[in-house]
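Peer 1: This is the structure I want to talk about, given as structure tokens.
The values are calculated or read from the model by the stated rules, or taken from the named source; none is laboratory data. Predicted model only: the values in this text are computed from it and were never measured. Every residue, glycine among them, receives a Cβ derived from its backbone with ideal geometry; neighbour counts consider all protein chains shown. Surface accessibility is based on the protein's heavy atoms, side chains included, excluding ligands, DNA and RNA. Shrake-Rupley method; radii C 1.70, N 1.55, O 1.52, S 1.80 Å.
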Amino acid sequence: MGLFGKKRAEQTGEESAAIKVLGSGCAKCNQLEESVKTALTQLGLEPEVGHIRDFSRIAEYGVMTTPALVVDEKVVSSGRVLKPEEAAALIRKARGME
Amino acid sequence: MEMLAAVWQFFQEQILGMQWLNRLIGQGLSSIGLDPASRWGGSLQFFLYDVIKIVILLCTLIFIISYIQSYFPPERSRRILGRFHGIWANILSALLGTVTPFCSCSSIPLFMGFTSAGLPLGVTFSFLISSPMVDLGSLVLLMSIFGAKVAVLYVLIGLVIAVIGGTVIEKLGMEQYVEDFVLHAPFQEGEEEQPSRRQRLLYARDQMLATFRKVFPFILLGVAIGAVIHNWLPEEWIELVLGSNNPFGVILATLVGVPMYADIFGTIPVAEALLFKGAQLGTILAFMMAVTTLSLPSLIMLRKAVKPKLLAVFIGVCIVGIVLVGYLFNAMQYLIL
């Protein structure tokens, strides 16, 4: 039970992140998380990335292929391991930073 | 017609089969004093020829296939499937399973996506069976090694298993054995991207590189096992276990293949060597289907979405289908090889 409680707390902490990776915990999903962190650092932002592993939550975003990237609650990519430059471009575009 | 047959034979043997490469490697080995007819020389020739051939085929195929796949994201397949009903939906689902990009780590989101759009369970399972079992890559790869007839039959029969398997699961009324969170997944229309040609080409290149990196160790391992079988295992052993003398060869090959996790590219060299050594065609194809369709990691993943009973039915349907295919091909071997 203790274990479950901890997991839940982690999950809520990650929910609040503006930039999230949706993934089932596969190798590709972790690669994407790394890329996005690098991208955020390059953009001069806090490298804070949430990681949602709960399938019901992933389905709520309408994503059918993982890993996916969500910026400000909008899915900007799915089914691909993005390179840091690609992730940075998508984040800039989603935030109108161009 | 003769002209056409000759062109096809050339394509089959030299372009897909790369016989020229085999000769070239043989000559190269001879020139450095290794006799390809000897055991060590022969093993080395098989190893080099198969690794190079499979890597070239793999890279070319994955690139072309990924480009085609970029036109069939699962969102699109789901939308197309929603318009069909009954057996047609199962058939189309099996067909789309061959062109929709799929990896077992995405099977649950895909399952939920299909279910939430109201697609029947059987249609989803037709997809889940055909997707790993049959793809465009296996078609061309099988063509290069066993010839066009075997390749086309393999694909057709794979599709038939997927359609029947899905239909059986549908008829058994297994909905109650799907985990609740999948059944009640909220429907969300995903946005469909329209990538440019450049993006599709980049995607195809990335897929090719990623697949190559992932599969290369399996190819080396598969070819190494193949080389051992090819040059060291006595023919009598293989004939005894996997040849026409053993009526249970197909069942044995299927059961050994199921828990194994390997790509079709890694399985092919083993299959090739076994066939050369007198194993029966159906037995080999059953082994390949078992390895690619069912594996422990994918079953563990699927178990999260369905209850044990449905998982058991899924495994049972696949195994029965594969075993039947094995016996069918063994019975027809003299007609198609």
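Peer 1: Can you return the lysines within cross-link range of A:Lys83? Criterion is Cα-Cα under 25 Å, with same-chain partners fewer than 8 residues away left out.
Peer 2: Straight-distance partners of A:Lys83: A:Lys20, A:Lys28, A:Lys37, A:Lys74, A:Lys93, B:Lys214.
Peer 1: Helix B:308-336: angle to the longest alpha-carbon principal axis of chain B, degrees 0 to 90, nearest 10?
Peer 2: Roughly 40 degrees between the two axes.
Peer 1: With all protein chains present, calculate the accessible area of B:Ile315 using a 1.4 Å probe and round the result to the nearest 10 Å².
Peer 2: Its accessible surface works out to 40 Å², give or take rounding.
Peer 1: Could you report the accessible area of B:His230 in Å², rounded to 10, computed with a 1.4 Å probe on the protein chains as they sit in the structure?
Peer 2: Per-residue accessible area (B:His230): approximately 40 Å².
Peer 1: Rolling a 1.4 angstrom probe over the protein heavy atoms, how many square angstrom per residue are accessible across chain B?
Peer 2: Accessible area per residue, chain B: 46 Å².
Peer 1: Considering only DSSP beta bridges where both residues belong to the protein assembly as shown, give the percentage that are antiparallel (nearest 5).
Peer 2: 75 percent
Peer 1: Can you sort B:Arg83, B:Arg303 by 1.4 Å-probe accessible area, starting with the largest?
Peer 2: B:Arg83, B:Arg303
Peer 1: Please report the spacing between the Cα centers of region B:70-93 and region B:282-337 in Å, no decimals.
Peer 2: Region B:70-93 and region B:282-337 have Cα centres spaced 23 Å from each other.
Peer 1: Determine the share of chain B's accessible area contributed by carbon and sulfur atoms, expressed in whole percent, with a 1.4 angstrom probe.
Peer 2: Its accessible area is 69 percent carbon and sulfur atoms.
Peer 1: Now, a different point. Leaving ligands, DNA and RNA out of it, rank A:Cys29, B:Cys59 by accessible area with a 1.4 Å probe, largest first.
Peer 2: I get B:Cys59, A:Cys29, largest accessible area first.
Peer 1: B:Lys309: which lysines have alpha carbons under 28 Å from its alpha carbon, excluding same-chain residues fewer than 8 sequence positions away?
Peer 2: B:Lys171
Peer 1: Please list log₁₀ I(q)/I(0) at q = 0.06, 0.14 Å⁻¹ for the protein assembly as shown, using the Debye equation with identical point scatterers on the alpha-carbon positions.
Peer 2: -0.29, -1.31
Peer 1: Taking a spot 7 Å from the Cα of B:Leu209 along the direction of its beta carbon, which residues of region A:43-72 have an amide N less than 19 Å from it?
Peer 2: A:67
Peer 1: Could you give the longest part of chain B that holds none of the GluC sites (Glu not before Pro) found in DSSP loops with at most 15 neighbouring Cβ atoms within 10 Å?
Peer 2: That gives B:1-188 as the longest site-free run.
Peer 1: Name the residues of region A:47-68 whose accessible area falls by at least 20 Å² when all protein chains are present instead of the chain alone, probe 1.4 Å?
Peer 2: Listed in order, they are A:Phe55, A:Ser56, A:Ala59, A:Glu60, A:Gly62, A:Met64, A:Thr65, A:Thr66.
Peer 1: Report, in degrees rounded to the nearest 10, the 0 to 90 angle that the Cα long axis of helix B:19-31 makes with the longest principal axis of chain B.
Peer 2: For helix B:19-31, the angle is close to 40 degrees.
Peer 1: Once you sort the root eigenvalues of the Cα gyration tensor of region B:182-337 as a ≥ b ≥ c, which label holds: rounded (a/c under 1.5), prolate (a/b larger than b/c) or oblate (the other case)?
Peer 2: Values: a/c = 2.39, a/b = 1.47, b/c = 1.63.
Here region B:182-337 falls in the oblate category.
Peer 1: Next question, about the same structure. Helix B:264-276 sits at what angle to the longest principal axis of chain B, using alpha carbons and giving 0 to 90 degrees rounded to 10?
Peer 2: The answer is roughly 40 degrees.
Peer 1: Where in region B:271-306 does the label zone of B:Asn245 land, with the point 7 angstrom along Cα→C-beta and an amide N cut-off under 18 Å?
Peer 2: The answer is B:274-281, B:283-284.
Peer 1: Going by a 1.4 Å probe on protein heavy atoms, which residues of region B:276-305 end up with at least 10 Å² less accessible surface in the whole assembly than in their chain alone?
Peer 2: B:Met301, B:Lys304
Peer 1: As a test of the definition: with a 1.4 Å probe, what buried accessible area, both sides summed, do you compute for B against A, in Å² to the nearest 100?
Peer 2: Numbers: alone 16440 and 5910 Å², together 20660 Å².
Summed over both sides, the interface buries about 1700 Å².
Peer 1: Per residue Cα convex hull volume for chain B, in cubic angstrom?
Peer 2: 151 Å³
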